[in-house]
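Report on the following structure.
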Amino acid sequence: MKTPDPNQLNIADVLKRIDEVRDKDLQCILRTTLETAQQKLQKSTNELYRLRLNLENSFNSIPDAIVTVAEDMSILSANSAFLSLYGGILADYKGRTLEQCFGLNAGPYNSVIRQTLELGRLTSHFRVNTKTPDGKECKLELNAAPLRTGEHSFGGVVLVIKDMTRLAVLEQQLEDRRLLNNMVGQSDSMKRVATLVHSLSDIATTVLITGESGTGKELIADALHYTGVRADKRIVKVNCAALSESLLESELFGHVRGAFTGASRDSEGRVAAAEGGTLFLDEIGDLPLSIQLKLLRFLEYKEYERVGSSKPRKADVRVVTATNADLVQKVKDGSFRKDLYYRLNVFQIELPPLRERREDIPLLAESFMNTFNNELGRSIKAISPEFMDALVKYDWPGNVRELRHCIEYAAILCLDEVLQFIHLPQNLRNNFNYFCDNSDIKQEVRHEAATPVASSGPSSKRHAFDKQKVLEALEQAEWKKARAARILGISRPTLYRWMNRAGIAGE
């Protein structure tokens with residue numbers, strides 16, 4: 001009798017054959033074995049179903065889009081995130097190729113899948129800008145791994161698609177913040193400047209940045225360049241006041257060999273160097289009249305000639321200029337061309353002086369403090385109220401540049417964790433009316449400046465910290481800090497540190 005194929009048997013056939021067994025004991029054993037096998041099979045089937053459900057739930061709960069693709073590039077399966085990203089249901093995609101589903105937009109996916117199949121290893125962090133079938137612009141990161149069917153064989157690829165659109169927007173916002181971090185401020189005037197920079201960053205129009213010396217005009221030029229579409233190209237900077245007329249023309253437009261004495265070789269010039277990027281002309285008000293005409297021609301026609309050559313050259317360059325001079329007055333004086341002024345002043349960004357945005361001084365001071373902590377290896381953690389008061393009440397004729405230098409000066413002198421009034425430059429202390437009008441504090445400052453740093457020998461013991469002595473001195477001085485400091489023979493800043501150390505609140 002031919003042995004039946006086990007795959008063709010069913011339970012009814014098995015039971016029938018068991019009934020044909022003559023030995024009743026054996027028949028009973030076979031029935032028991034069959035029932036046990038059925039129970040185990042049912043249990044395994046239930047477990048397999050449960051595991052499959054868990055796997056499908058996990059597969060669909062992953063926020064990244066996942067799709068498995070066979071070697072012939074046809075879609076095998078996809079999770080909910082994939083269907084949500086691209087729309088439709090799995091039945092619309094299953095069995096079809098990515099190219100059939102997404103048309104021309106399938107190129108990056110196919111490229112990653114083919115590379116994974118050819119190399120037999122993971123392909124990761126492949127970023128692409130593309131569109132979903134509904135036309136939505138998105139930035140994606142593609143990661144692909146082979147679906148192994150054996151040690152050296154593959155049955156397809158699993159493609160993980162991470163939507164980076166929101167993250168890319170956040171990264172850009174952080175980058176924009178970084179580019180403007182030296183223009184720290186919460187004042188309305190600085191918020192307006194930041195808004196203008198963002199509005200103009202992707203527009204190639206000429207921008208004129210005006211403001212007093214030290215207000216940060218060059219930083220605005222950097223922000224206009226690096227937050228715009230030309231960020232991957234160069235920004236070339238020229239200080240128009242730093243070079244003579246003859247050298248400035250050559251620096252800007254270049255020269256040919258033999259154009260003048262010493263021109264031993266051709267020079268491309270700064271305009272050519274800025275091709276595709278930004279040309280920043282600082283101190284534009286000092287540009288000589290002869291070069292003003294050539295700059296005007298370049299702005300009008302994007303054309304220029306190198307010194308010693310009559311052959312016109314083209315350049316795709318965005319021009320940003322800056323000045324602290326009154327160009328309108330220069331036009332009236334005849335030292336600046338009216339037509340060039342109007343051509344440069346297409347859009348103007350005016351930076352306010354620091355004295356008109358005093359609310360930004362604490363933020364700037366803290367930012368510079370952190371900068372010099374890193375540069376000078378300091379561990380300054382705070383700014384004393386007297387120090388900050390002096391900063392806020394000073395007029396800052398040198399604007400943000402002067403404030404930066406002031407904090408640098410103070411950070412060099414400060415060997416403690418707090419910037420104190422005594423660390424300020426002398427001119428700030430002399431000009432600080434509050435300290436000059438307060439006799440107690442004025443005497444304290446003079447005492448601090450005149451008293452040498454105590455040595456570590458026995459003579460310095462009277463200046464050692466003692467909580468009880470601090471309390472006694474404060475009570476004796478009726479809680480006048482300057483007077484208590486003089487009683488203790490220490491500076492007022494030191495008294496503040498001792499009070500803080502002792503847990504004594506000021507009154």
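Looking only at region 454-485, which residues are charged (D, E, K, R) and either in a loop (DSSP other than H, G, I, E, B) or modelled with pLDDT of 75 or more (or both)?
Matches in region 454-485: D466, K467, K469, E472, E475, E478, K480, K481, R483.
Would you pick out the residues in region 112-130 that are polar (S, T, N, Q), open to solvent by 50 Å² or more (accessible area, probe 1.4 Å) and over 30 Å from the mean Cα position of the chain (by Cα)? Even if it seems obvious, please write down each step before you answer.
Let us first name the residues in region 112-130 that are polar (S, T, N, Q), namely 115-116, 123-124, 129-130.
Cutting the leftovers down to open to solvent by 50 Å² or more (accessible area, probe 1.4 Å) gives us 115, 124, 129.
The one that is polar (S, T, N, Q), open to solvent by 50 Å² or more (accessible area, probe 1.4 Å) and over 30 Å from the mean Cα position of the chain (by Cα): Q115.
Considering only residues that are open to solvent by 50 Å² or more (accessible area, probe 1.4 Å), within 14 Å of R127 (Cα to Cα) and modelled with pLDDT under 85, which ones fall in region 90-111?
The one that is open to solvent by 50 Å² or more (accessible area, probe 1.4 Å), within 14 Å of R127 (Cα to Cα) and modelled with pLDDT under 85: N105.
Here are some residues: V319, V256, V307. Which one is of a type in the set (A, V, I, L, M) and under 22 Å from T210 (Cα atoms)?
Working: V256 fails: under 22 Å from T210 (Cα atoms); V307 fails: under 22 Å from T210 (Cα atoms).
On inspection, the qualifying residue turns out to be V319.
Run down Q348, Q426 and say which single residue is of a type in the set (S, T, N, Q), touching a Ser or Thr at 6+ places or on another chain (Cβ under 7 Å) and open to solvent by 60 Å² or more (accessible area, probe 1.4 Å).
So the residue among Q348, Q426 that is of a type in the set (S, T, N, Q), touching a Ser or Thr at 6+ places or on another chain (Cβ under 7 Å) and open to solvent by 60 Å² or more (accessible area, probe 1.4 Å) is Q348.
Taking only pairs six or more apart or across chains, which ones have beta-carbon atoms under 7 Å, a first residue in region 357-377 that is open to solvent by less than 10 Å² (accessible area, probe 1.4 Å), and a second residue that is assigned to a loop (DSSP other than H, G, I, E, B)?
Note: pairs meeting the criteria are R357/G185; R357/S187; D360/V184; D360/G185; D360/Q186; D360/S187; L364/V184; F372/R378.
Residues to consider are K314, K302, K294, K338; find the one that is out of contact with any helix residue (DSSP H, G or I) (no Cβ under 9 Å at 6 or more places or on another chain) and among the charged types (D, E, K, R).
Just one listed residue meets the conditions, K302.
So which pairs qualify, if the first residue must be in region 323-335 and open to solvent by 40 Å² or more (accessible area, probe 1.4 Å), the second must be among the hydrophobic types (A, V, I, L, M, F, W, C), the Cβ gap must be under 7 Å, and the two must be at least 6 apart or on different chains?
From region 323-335, the pairs are K330/F336.
Would you mind stating whether L247 is assigned to a loop (DSSP other than H, G, I, E, B), modelled with pLDDT under 90 and open to solvent by 20 Å² or more (accessible area, probe 1.4 Å)?
no
Is it the case that I407 is surrounded by 20 or more Cβ atoms within 10 Å (Cβ to Cβ), free of Cβ contacts under 8 Å to residues at least 40 places away in the same chain and under 29 Å from the mean Cα position of the chain (by Cα)?
For I407, the condition - surrounded by 20 or more Cβ atoms within 10 Å (Cβ to Cβ), free of Cβ contacts under 8 Å to residues at least 40 places away in the same chain and under 29 Å from the mean Cα position of the chain (by Cα) - is not met.
Any chance you could count how many residues in region 196-227 are open to solvent by 30 Å² or more (accessible area, probe 1.4 Å), more than 17 Å from the chain's Cα centre (by Cα), among the hydroxyl-bearing types (S, T, Y) and more than 18 Å from L299 (Cα to Cα)?
2
Within region 47-66, identify whether any single residue is of a type in the set (V, I, T), open to solvent by 90 Å² or more (accessible area, probe 1.4 Å) and at pLDDT 80 or above, and answer yes or no. First the steps, then the outcome.
Here is the first cut: in region 47-66, the ones of a type in the set (V, I, T) are 62, 66.
Restricting the remaining residues to those that are open to solvent by 90 Å² or more (accessible area, probe 1.4 Å) gives none.
Scanning region 47-66, I find no residue that is of a type in the set (V, I, T), open to solvent by 90 Å² or more (accessible area, probe 1.4 Å) and at pLDDT 80 or above, so the answer is no.
Could you tell me which of the residues R270, R257, R178, R230 is modelled with pLDDT of 85 or more and either polar (S, T, N, Q) or part of a helix (DSSP H, G or I) (or both)?
Selected residue: R270, the only one of R270, R257, R178, R230 that is modelled with pLDDT of 85 or more and either polar (S, T, N, Q) or part of a helix (DSSP H, G or I) (or both).
Determine the pairs where a residue that is free of Cβ contacts under 8 Å to residues at least 60 places away in the same chain and at positive phi, located within region 275-299, has a partner that is open to solvent by 40 Å² or more (accessible area, probe 1.4 Å) and of a type in the set (G, A, S) with Cβ atoms under 6 Å apart, the partner being 6 or more residues away or on another chain.
Here the result reads E283/A241, each pair linking region 275-299 to a residue that is open to solvent by 40 Å² or more (accessible area, probe 1.4 Å) and of a type in the set (G, A, S).
Inside region 275-322, can you point out the residues that are in a helix (DSSP H, G or I), under 13 Å from V238 (Cα atoms) and open to solvent by 10 Å² or more (accessible area, probe 1.4 Å)?
Across region 275-322, the qualifying residue is only D286.
I'd like to check something: does region 250-261 contain any residue that is within 30 Å of M190 (Cβ to Cβ) and open to solvent by 60 Å² or more (accessible area, probe 1.4 Å)?
There is no residue in region 250-261 that is within 30 Å of M190 (Cβ to Cβ) and open to solvent by 60 Å² or more (accessible area, probe 1.4 Å).
Looking only at region 378-391, count how many residues are surrounded by 14 or more Cβ atoms within 10 Å (Cβ to Cβ), without any contact (Cβ under 8 Å) to a residue 40 or more places away in the chain and part of a helix (DSSP H, G or I).
Here the count works out to 3.
The values are calculated or read from the model by the stated rules, or taken from the named source; none is laboratory data. The model shown is predicted, which means the values in this text are computed figures rather than measured ones. Here the Cβ is made from the backbone with ideal geometry for all residues, glycine too, and neighbour counts use every protein chain on show. Ligands, DNA and RNA are excluded from the accessible area calculation, which covers all protein heavy atoms including side chains. Shrake-Rupley method; radii C 1.70, N 1.55, O 1.52, S 1.80 Å.
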